[in-house]
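Worksheet: the structure to be examined is printed underneath.
The values are calculated or read from the model by the stated rules, or taken from the named source; none is laboratory data. From a predicted model like this one, the values you see are computed outputs, not experimental measurements. Virtual Cβ from ideal backbone geometry, glycine too; neighbours counted across all protein chains shown.
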């Protein structure tokens, strides 16, 4: 039994939209976008079914699976993120093992997008190896339509209520149960000796999607005084060894002859559907109903058919093994303060300082030079800076240098601040002489990269 497919897809879209909405303003990064390739083991038949998008903010790494090809869906996703390729689970021959990836989700029912949110535990500029695997399906149908049986796989008609053979040609042709409801029908007949059944196919396997999964149409509806005719419904799972009973349908279930039953959870794909007459002969005395012949089947429909099922990978570099599987790399993004700045220091009045900062290095460190007052050189004081950036926190230590001697004056000041979403900075400062106050940038901007 499944919840509604369209509802789940809508929820997934809303969740993904919320993630995007909650993304900080500064996180307008150069996202890494890779094609999601299905069936890439054979380049001639490979299909680009969507995208894998990777980005990070200060707190999390995001990996989004997004199906863009019509009628395709995600049924499973498996994700590995590591700082070394050897850390991704692989066989001795170098084939990845998606079932052992750290992040895995079964999407039941299937969805068209899904985002993994992973706490950011890596430094800025760290190179990550990412293996994004998925199982994808292409479905025929939607939640508002029915796909009708196209093939009689097997049948054996039962008997009249009195045990005689059904001879009316309008009731003996099993193909009358194919296609949409049209008023023509096939009578299952009362079960006498392993008969009274029909097995139907749909051109493709049936996929367990929207409830209700199976619809049957019985022709003798709308006759409240007419006795109940019944049929038991069974499904044969893909790769199964026996029929699974999923419910009983009758001619009294609705005002239009329709009855509905559901494929149980745990059965994803069905190869064929079987109806077996279960009508109680006791309700049809032969003297009163001499031609009664059990359940009269007009049509059988399902919502979804499975047109294709494939393995998919985020496009990239082939793993060392022989099996088709790929990975790609991503560089963790963060704030870079490289460039020219004017920092305004507040202490009774304002003091503007020029600075030129280097690019932030691995580990979040940077260096710089500057001077006071802003607008130089020349400067009355030259400054040498060492600092760090961690997340959106910047710290730097500025040492005063006497420009006439090139030697430290013994004075320094330390700044601690926050980088705002627009790249500006502000915070507090203290000095070697016990002074303190606030500071802010009035020129320059950090970049997220």
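Side notes on the structure shown:
- Exactly one residue among 154, 184, 193 is assigned to a loop (DSSP other than H, G, I, E, B) and modelled with pLDDT of 95 or more, and that residue is 184.
- Test: residue in the range 125-135 that is assigned to a loop (DSSP other than H, G, I, E, B), under 30 Å from residue 363 (Cβ atoms) and not assigned by TED's automatic domain parsing to the domain that holds residue 254: yes
- All positions within the range 437-449 that are outside any strand (DSSP E or B) and under 23 Å from residue 331 (Cβ atoms): 445, 446, 449
- Residue in the range 389-402 that is assigned by TED's automatic domain parsing to the domain that holds residue 370, surrounded by 16 or more Cβ atoms within 10 Å (Cβ to Cβ), modelled with pLDDT of 95 or more and more than 18 Å from residue 366 (Cα to Cα) present: yes
- All conditions but one from (1) farther than 30 Å from residue 73 by Cα; (2) assigned to a loop (DSSP other than H, G, I, E, B); (3) in contact (Cβ under 8 Å) with a residue 24 or more places away in the chain apply to residue 164; the one that does not is (3).
- Residue in the range 212-231 that is within 43 Å of the chain's Cα centre (by Cα), in the same structural domain as residue 286 (by TED's automatic domain parsing), within 23 Å of residue 254 (Cβ to Cβ) and surrounded by fewer than 18 Cβ atoms within 10 Å (Cβ to Cβ) present: yes
- Restricted to the range 36-107, the set of strands (runs of 3 or more DSSP E) holding at least 2 residues that are touching a helix residue (DSSP H, G or I) at 6+ places or on another chain (Cβ under 7 Å) and crowded, with 17+ Cβ neighbours inside 10 Å comprises 60-67.
- Residue that is on the phi > 0 side of the Ramachandran plot, surrounded by 16 or more Cβ atoms within 10 Å (Cβ to Cβ) and in a loop (DSSP other than H, G, I, E, B), where the choices are 423, 375, 434, 363: 423
- Just one of the listed residues (277, 184) is touching a residue at least 60 places away in the same chain (Cβ under 8 Å) and in contact with a helix residue (DSSP H, G or I) (Cβ under 6 Å, 6 or more places away or on another chain), namely 184.
- For the range 346-353, the criterion of being in a strand (DSSP E or B) and out of contact with any strand residue (DSSP E or B) (no Cβ under 9 Å at 6 or more places or on another chain) is met by at least one residue.
- None of 152, 191 is surrounded by fewer than 20 Cβ atoms within 10 Å (Cβ to Cβ), in contact with a helix residue (DSSP H, G or I) (Cβ under 7 Å, 6 or more places away or on another chain) and in contact (Cβ under 8 Å) with a residue 40 or more places away in the chain except 152.
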